[in-house]
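Below you'll find the structure, written out as structure tokens, and then a few comments.
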Amino acid sequence: MMEEGVYGGGKAGAPFDPLTFVQRPQVILRAVTWLFSVIIFGCISSQGWTLNKEGKEECLYNGDSNACNYGVGISVIAFLASIGFIAGEYFFEQMSSVKTRKRYVMADMGFSAFWSFLYFVGFCYLTNQWSKSPERAFGTSNMQAAITFSFFSIFPWAGAAYLAFLRYKQGSDQAFAPSYEAEPNTTGGYNSYPDATDPDGGYSQPPFSGQPSQPQSGMQQQLPY
């Protein structure tokens, strides 16, 4: 069983509490990123294209199809990733391996930071193309909504990356923490010095003192004639 608190997770094998799960900051941020991704690709997909004079589909962002594809692409991936990370949060408590938790936290941190950057690029890109687009009565609100929520999406993804970084830092600190503590010597212990005396009155006479040993009483030393 894993100790409680490793990489910000609870004890492996603990019972699942749905109320506590939905109140986690990571889960709340993933729900927000999921909702914003639905709004963005929904707005662009529904009214982001129109037919030009030649009868071909044209993106409302100044006729730049790459702008529409970029907004839809990163939002669809964000939609799937948000669902995946919500599921990952559920299984995170069941991960009994420290290495598995570490890999998940690193993937969360890297992906979230990268997607926050992609949404920042998308916001700048779509805003620039929309400023060059001619005025239209069709799809204006949808295109502006996609730009607005692209900007809003920067922050929950960055927040998720920050929370993952805190988890990673916590796990690293625990990895380098000492696994044991020295117990205080309250009983006096054993003296390690060779010339220390025994307080219990043991053998105190050092060997090889240089004095010849005296014969024991009652025994006569026999000499040859």
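Here the stretch 100-127 is the region considered, the condition is being among the β-branched types (Val, Ile, Thr) and modelled with pLDDT of 95 or more, and the residue that is nearest to Val32 (Cα to Cα) is Val121.
Note on the stretch 60-70: residues that are in a helix (DSSP H, G or I) and either out of contact with any Phe, Trp or Tyr (no Cβ under 7 Å at 6 or more places or on another chain) or loosely packed, with under 14 Cβ neighbours inside 10 Å (or both) total 3.
Does Phe91 qualify as being open to solvent by less than 50 Å² (accessible area, probe 1.4 Å), assigned to a helix (DSSP H, G or I) and farther than 27 Å from Asn128 by Cβ?
In short, no.
Every condition in (1) of a type outside the set (Phe, Trp, Tyr); (2) out of contact with any Phe, Trp or Tyr (no Cβ under 9 Å at 6 or more places or on another chain); (3) open to solvent by 50 Å² or more (accessible area, probe 1.4 Å) is met by Glu57 except one, and the failing one is (2).
Can you pull out the residues in the stretch 12-29 that are over 17 Å from the mean Cα position of the chain (by Cα), at pLDDT 70 or above and outside any helix (DSSP H, G or I)?
Within the stretch 12-29, Phe16, Asp17, Gln23 qualify.
Criterion applied to Leu166, Leu126 was being surrounded by fewer than 16 Cβ atoms within 10 Å (Cβ to Cβ) and either in contact (Cβ under 8 Å) with a residue 60 or more places away in the chain or more than 25 Å from Gly48 (Cα to Cα) (or both), and the one residue passing it is Leu166. Condition (residue is within 17 Å of Phe138 (Cβ to Cβ), free of Cβ contacts under 8 Å to residues at least 12 places away in the same chain and open to solvent by 50 Å² or more (accessible area, probe 1.4 Å)) applied to the stretch 30-51: is it met by at least one residue? Scanning the stretch 30-51 turns up at least one residue that is within 17 Å of Phe138 (Cβ to Cβ), free of Cβ contacts under 8 Å to residues at least 12 places away in the same chain and open to solvent by 50 Å² or more (accessible area, probe 1.4 Å). Being free of Cβ contacts under 8 Å to residues at least 12 places away in the same chain, under 30 Å from Val22 (Cβ atoms) and either among the β-branched types (Val, Ile, Thr) or outside any loop (DSSP other than H, G, I, E, B) (or both) holds for only one residue in Leu118, Leu80, and it is Leu80. The set of residues in the stretch 131-153 that are surrounded by fewer than 20 Cβ atoms within 10 Å (Cβ to Cβ) and part of a helix (DSSP H, G or I) comprises Ser131, Thr140, Ser141, Asn142, Gln144, Ala145, Thr148, Phe151, Phe152.
The values are calculated or read from the model by the stated rules, or taken from the named source; none is laboratory data. None of the values given here were measured: they were computed from a predicted structure. Neighbour counts are summed over all protein chains in view; Cβ atoms, including those assigned to glycine, are modelled from backbone coordinates with ideal geometry. These area figures cover heavy atoms from the full protein model, side chains too; ligands, DNA and RNA do not enter into them. Shrake-Rupley method; radii C 1.70, N 1.55, O 1.52, S 1.80 Å.
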